[in-house]
Amino acid sequence: MRVEQLTCCIGAEISGVNLGDAARDADLFAEIKALLLKHRVLFLRDQDITRAEHVAFARRFGELEDHPVAGSDPDHPGLVQIYRNDKRENYENNYHTDGMWRLTPTMGCVLRCIECPPVGGDTIWVNMVEAYKNLPEDVKKRIDGLRAKSSIEHGFGAVMPEEKRLALGRENPMVEHPVVRTHPETGEKALYVCSFTTHFANYHTPENVRFGLDKTPGASQLLNYLLSQASIPEYQVRFRWKPNSVAIWDNRSTQHYAVMDYWPAPRKMERAAIIGDKPY
Ligand code: SIN
């Protein structure tokens, strides 16, 4: 297996490996998992694997989850179809970590490209451990112990007709997570707010709010500042897809953004998402 680091901060391309083989070989899988914890997102080209192999490889990390909005392959539960055709849909071009709106958000994903535009449709990943590490000390103090609410209704629901949006919210009630989470395997701290985050749950204290007027700008300015960290290029890697390219990412320490510049060309991706732990 060859490993080429792609930026100073995040991402490596690995070659000389087939994920179908890794699904059947515990040692090979362990090597890939160690690389994932180190580089946070791994890229592989020419993975002409079956859907069953795709699912089997992802299952080595843990159980898979389906998605309440994007459908799954009927013959391969857990293999979510992210198919964009000639309709203009815009709920992906946001920095996000998958499933933050769940009580136990996604641990990681294995995403394979089935069809992509000749140019465009890249995906960007961001190292949120680095984003946390580089925050000014006074900001780190302000967000220590802070918690935030996340909602799928706020993200995917926004483009739905009202009834459908409200039903999505009822079926997936808002959840609360720490603003700084600890990676359960490496112990690293990562900044943990994204486009699913609606507001802080415990900002309104006498230290932060002298009068009611302090609350709204204070909380939203801080949240916007934290959200903006994901767009800093020094924390990012950008990947250009080809059919049979695969990205494997650790969703606990990264965010990603699917660039939506290719319309009306179609783009078809299949994603196996692994169930994660409750953030702490
Ligand atoms: C995702 O947001 O999980 C999919 C990213 C992509 O389609 O590039």
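Once phi is turned into θ = phi - 60°, what whole-Hz ³J(HN,Hα) does the Karplus curve with 6.51, -1.76 and 1.60 give for every residue of the stretch 113-123, x standing for Gly and Pro?
8, 9, 8, 9, x, x, 8, x, x, 5, 10
Evaluate the charge dipole of the chain about its Cα centre and quote only its size in Debye, nearest 20, assuming +1 on the Cβ of each Lys and Arg and -1 on the Cβ of each Asp and Glu.
Dipole magnitude for the chain comes out near 500 debye.
For the stretch 52-84, run through the GluC sites (Glu not before Pro) and keep only the ones in DSSP coil with at most 13 other Cβ atoms within 10 Å of their Cβ.
When the GluC sites (Glu not before Pro) of the stretch 52-84 are filtered for loop state and at most 13 Cβ neighbours within 10 Å, Glu63 remain.
Report the far tail of the P(r) of the chain, meaning the percent of Cα-Cα pairs longer than 31 Å.
Here the tail beyond 31 Å accounts for 26 percent of pairs.
Taking +1 at the Cβ of each Lys and Arg and -1 at the Cβ of each Asp and Glu, which of Gly120, Leu213, Cys9 sits farthest along the dipole of the chain towards its positive end, judged by Cα position relative to the Cα centre?
Of the candidates, Leu213 comes out farthest on the positive side.
Using each residue's phi in the stretch 248-254, evaluate 6.51 cos²θ - 1.76 cosθ + 1.60 at θ = phi - 60° and report the 3J(HN,Hα) Karplus result to the nearest Hz, with x for Gly and Pro.
10, 10, 8, 7, 7, 10, 9
Counting pairs of Cα atoms in the stretch 1-133, how many percent are more than 24 Å apart?
It works out to 35 percent of all Cα pairs.
Among Ile232, Ile124, Ile248, which one shows the highest mean-square fluctuation when the chain is modelled as a Gaussian network with alpha-carbon springs under 10 Å?
Ile232
Rounding to the nearest 20 debye, state how big the charge dipole of the stretch 196-248 is about its Cα centre with +1 on each Lys and Arg Cβ and -1 on each Asp and Glu Cβ.
The dipole of the stretch 196-248 has a size of about 320 debye.
Once you charge only the Cβ atoms, +1 for Lys and Arg and -1 for Asp and Glu, what is the size of the charge dipole of the stretch 65-134 about its Cα centre, to the nearest 20 debye?
In debye, rounded to 20, the stretch 65-134 gives about 220.
Measure out, as a whole number of angstrom, how far apart the alpha-carbon centroids of the stretch 220-280 and the stretch 1-76 sit.
With the stretch 220-280 and the stretch 1-76 each reduced to a Cα centre, they are spaced 15 Å.
Classify the stretch 81-150: rounded, prolate or oblate, from the alpha-carbon gyration tensor (a ≥ b ≥ c, eigenvalue square roots; a/c under 1.5 rounded; otherwise prolate if a/b is larger than b/c)?
prolate
Rule-based calculations on the coordinates, nothing more; no lab input. Predicted model, so just to flag it, every value in this text is computed and none were measured. Using ideal geometry, Cβ is built from the backbone for each residue, glycine included, and neighbour counts are taken over all protein chains shown.
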